[in-house]
Amino acid sequence: MAKVLATMRLIVGALALMVAVALTAPVSAQQPSSVNPTASAVKEQQLLDQLKTIKGLGTIPDTKSYVIEHPVGRGWREFHNVTLRWIGAVAILGMLALLIVFYLWRGMVRIERGRAGRSIVRFNAFERFVHWMTATCFVILAITGLNVTFGRPLFAASGGSEAFTVWSEWAKYAHNYLSFPFTIGVILIFLMWIAGNIPNSVDVEWLKRGGGIVGHDHPPAYRFNAGQKAIYWIVVLGGGLTAVTGYVLLFPFYGTDIDSMQYAEMIHAVTAMLFIAVMLAHIYIGTIGMEGAFEAMGEGTVDINWAKEHHSLWLEEEMARTGPNKSKRQPVAAE
Ligand code: HEM
C-alpha cells in the first residue's frame, strides 16, 4: 500500500511538473519577441513631446525643483554649449583677425602735418575717471563672462580642474560685483556725452567719406565723429541691455520663470559677444590704430594738429570759446 501511494505521489508530482512547464513554456518562448525595446517602450523623446515637461514630486517649498526634464532646457543647453560658442568665437576672433589685417594694410593713422606742439583739453578729469572705471569693469566683466562660456572646454583641454574651480569662483564674484560700477559708468557716460552724440548732417558727410580712415582724407567733425557716435550708442544700448539682462540672471525668479531666464541669458550672452568684438575695434583705434588718440583719454589733452585733422569743427568751436591751452609737455611752436 505504501509502495502504491509513493508511486502515485511520483506520478502526480511528475504531472504537476509537466503542467507547470507546459504553462510557462509558451510565455518564455514569447518573451524575446513581446518586449521590443524600441517600438513598444515609450521613448524619452515621445514622452517629452507628449508632456513637454517631466515633473516629480517634492516636499521643499521651491516647486521649480520638482521639474526633472524640460524640453526647452535642452534647446538652451544646445545654444549655450554650441551656438553661443560659435557666435562668440566668430565675432571675437573674426574681429581680431580683421584688425590685424587692417593694421598690416593701413598701419597707424599718423598726424599728417606732424605735431604742432600745442595742445587743447579734450576730456576733463571726471570724464576720464568715468571712462577708465567703466572700461576696467568692462574688461573684467568680459574676461570673467567669457570664462562662463569657454572656461570649461579651455581648462579641460589644459588639464586642470581644481585651479579652474578656484578661478571660476573668484571670477563669478568679480562678475557679480563689478556689474554695479559698470552700470553706474554706463549711466554716467550716457548723461555726460549725450549732447555731443546726437546724429546730424555732418555725420552723413563723414560716413560718405569713410571717416577718412581709408586714404588720407580728413572729413570735418564736431567733438565726436560718426564712428565715435556709433561706439557711444553701442555702449549705451549694448551696456544697458547687458546690464538689464545681467540683473535678471543675478536675481533669479524675481518676476521671471525658467523660460524668461533662458531668454535673458541668451540675450545677455549674444549682446556681450558682439559688444566685446566692437570694443576691440574701439581699443584698436584708441591705441595702435591712430597716432595721438590715446593721450585724449590718457592725459586729457590732444595736439592741435590732431584736432585739426580729426575734429576740425570742434576745434573751431573750442578756439572761439577758450583759445588753445599751452602744452606742458612740449614747447609752444610757432604756427
Ligand atoms: C550690469 C552688468 C552685468 C551683470 C549684472 C551681469 C551678470 C551676469 C550673470 C549673473 C551671468 C551668469 C553667470 C553664470 O551663469 O554663472 C552673466 C554671464 C555672462 N556675462 Fe554678464 N553681467 C553684466 C555685464 C556683462 C558685460 C559688460 C559683459 C561683456 C563685456 C558680460 C559678459 C557675460 C558673458 C559672456 C556671460 C556668459 C554667458 C554664458 O555663457 O551663459 N556681462 N552675467
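The values are calculated or read from the model by the stated rules, or taken from the named source; none is laboratory data. Here the structure is a predicted model, which is why all the values come from computation and not from measurement. Here Cβ is always computed from backbone atoms with ideal geometry, including for glycine, and neighbour counts include all displayed protein chains. What goes into the accessible areas is simple: the full protein's heavy atoms, side chains included, and nothing from ligands, DNA or RNA. Shrake-Rupley method; radii C 1.70, N 1.55, O 1.52, S 1.80 Å.
Taking the conditions exactly as written (within 29 Å of TRP193 (Cα to Cα), touching a residue at least 40 places away in the same chain (Cβ under 8 Å) and either within 13 Å of the ligand (Cβ to nearest atom) or of a type in the set (Phe, Trp, Tyr) (or both)), does THR134 satisfy them or not? When the stated conditions are applied, THR134 passes them. In segment 212-234, the residue that is farthest from the ligand (Cβ to nearest atom) out of those that are open to solvent by less than 20 Å² (accessible area, probe 1.4 Å) and in a helix (DSSP H, G or I) is GLY212. Residues in segment 157-195 that are more than 10 Å from the ligand (Cβ to nearest atom), open to solvent by 40 Å² or more (accessible area, probe 1.4 Å), in contact (Cβ under 8 Å) with a residue 12 or more places away in the chain and farther than 16 Å from LEU237 by Cα: TRP167 alone. Taken over segment 235-258, the criterion of being open to solvent by less than 60 Å² (accessible area, probe 1.4 Å), in a helix (DSSP H, G or I) and either without any contact (Cβ under 8 Å) to a residue 24 or more places away in the chain or over 16 Å from ILE189 (Cβ atoms) (or both) is satisfied by THR245, GLY246, TYR247, VAL248, LEU249, LEU250. Here ALA296 passes the criteria (1) outside any helix (DSSP H, G or I); (2) in contact with a Lys or Arg (Cβ under 8 Å, 6 or more places away or on another chain) except the one numbered (1).
Please tell me if LEU154 is within 15 Å of the ligand (Cβ to nearest atom) and surrounded by 17 or more Cβ atoms within 10 Å (Cβ to Cβ). Give the derivation first.
Numbers: within 15 Å of the ligand (Cβ to nearest atom): yes; surrounded by 17 or more Cβ atoms within 10 Å (Cβ to Cβ): no.
In short, no.
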